[in-house]
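To start, the structure under review is shown below, and the notes come after it.
A short reminder: the numbers here are calculations on the coordinates, not readings from a lab. On a predicted model such as this, the values are computed, not experimentally measured, just so you know. Reconstructed Cβ throughout: ideal geometry from the backbone, glycine too, with neighbour counts over all protein chains shown.
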Amino acid sequence: MIRRARAALVPSVVIILILFAHVAAATVVVDTLHGFAAREPGWSGGLDGLFTGQGGNSSSLQLAAGGRIQWRGRVQTLRLLIAGSYQESDNAVTDRNGMVHLRHNHRLGARWATVSFVQVQANSFQRLTSRLLAGAGLRYDFVDRPGSRLAVGLTPMLEAERIAGQTGHTGRGRLSTFILSRRALAAGTKLELVGYWQPLCADFGDTRTVVNASLAVKVSGAVDLKAGMAVEHDTRPPAGVKKSDWSTYTGFGVVF
């Protein structure tokens, strides 16, 4: 009975998150190694979210949510990640973006694994109507223990963008190098770091750099309190868009 309930829960959660991602938003920071409770074959996942509101002399609203589903086999791993956020101040929308990421890994040995992925994202305040990424490469795990994780990877990828105010799509190739790190600082507390450096294949002066650092403190059982900061830098953003964006966040996460 429990197994059937869990099997029914997985597609339900995925559907809810997909619907939310269509109306809300997400960061481009994608941590596909952390946030999953199970290290054994089977299903696992997690949810993150925050809500803040203010009314009276001024009004503000902020919503953010993310979810991840994983299926792990003996050497294969499949992960789906979805996230979104929405923010308004005095009835004016100040943030709206979204992301869906599907990734497959094949373990080649104790240290090496293949990486293949497809990602779709949008960010109206960066004039990004849509961005499709598809890539394949390799990941190397320097450390892979329950309390610590350190991995690096390289994944050449194709990028197709549609920018607001411009006709058609822009297709090009990028290299995506990444580092993912986690370290347990004390019982129930862990520090996580995710970093991406993505230069254009034809011009390494055109790069995107993304860094996310977070601290998670276990509150009770599967529930964590999370706080962190994300920074994104684009050396050649669309006209009228600033090169750097940064944000801080605090919220709760749950793994299952």
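The distance from the alpha carbon centre of the range 63-78 to that of the range 119-172 is 17 Å, rounded to a whole number. Once the C-beta distance of THR129 and GLU40 is scaled by a Förster radius of 51 Å, the resulting FRET efficiency is 0.80 to the nearest 0.05. For the range 2-255, rounded, prolate or oblate, judged on the Cα gyration tensor with a ≥ b ≥ c (square roots of eigenvalues), a/c < 1.5 rounded, else prolate if a/b > b/c? The shape class here is oblate.
For a Förster distance of 30 Å, can you work out the FRET efficiency between the beta-carbons of THR235 and GLU88, rounded to the nearest 0.05? E between THR235 and GLU88, to the nearest 0.05, is 0.50. In terms of surrounding Cβ atoms within a 10 Å radius of their Cβ, VAL210, VAL231 rank from fewest to most as VAL231, VAL210. The alpha carbon convex hull volume per residue for the range 88-239 rounds to 149 Å³.
Listing VAL93, VAL100, VAL152 from fewest to most neighbouring C-beta atoms within 10 Å gives VAL93, VAL152, VAL100. Relative contact order of the range 2-255: 13 percent, from C-alpha pairs under 8 Å at least 6 residues apart in sequence.
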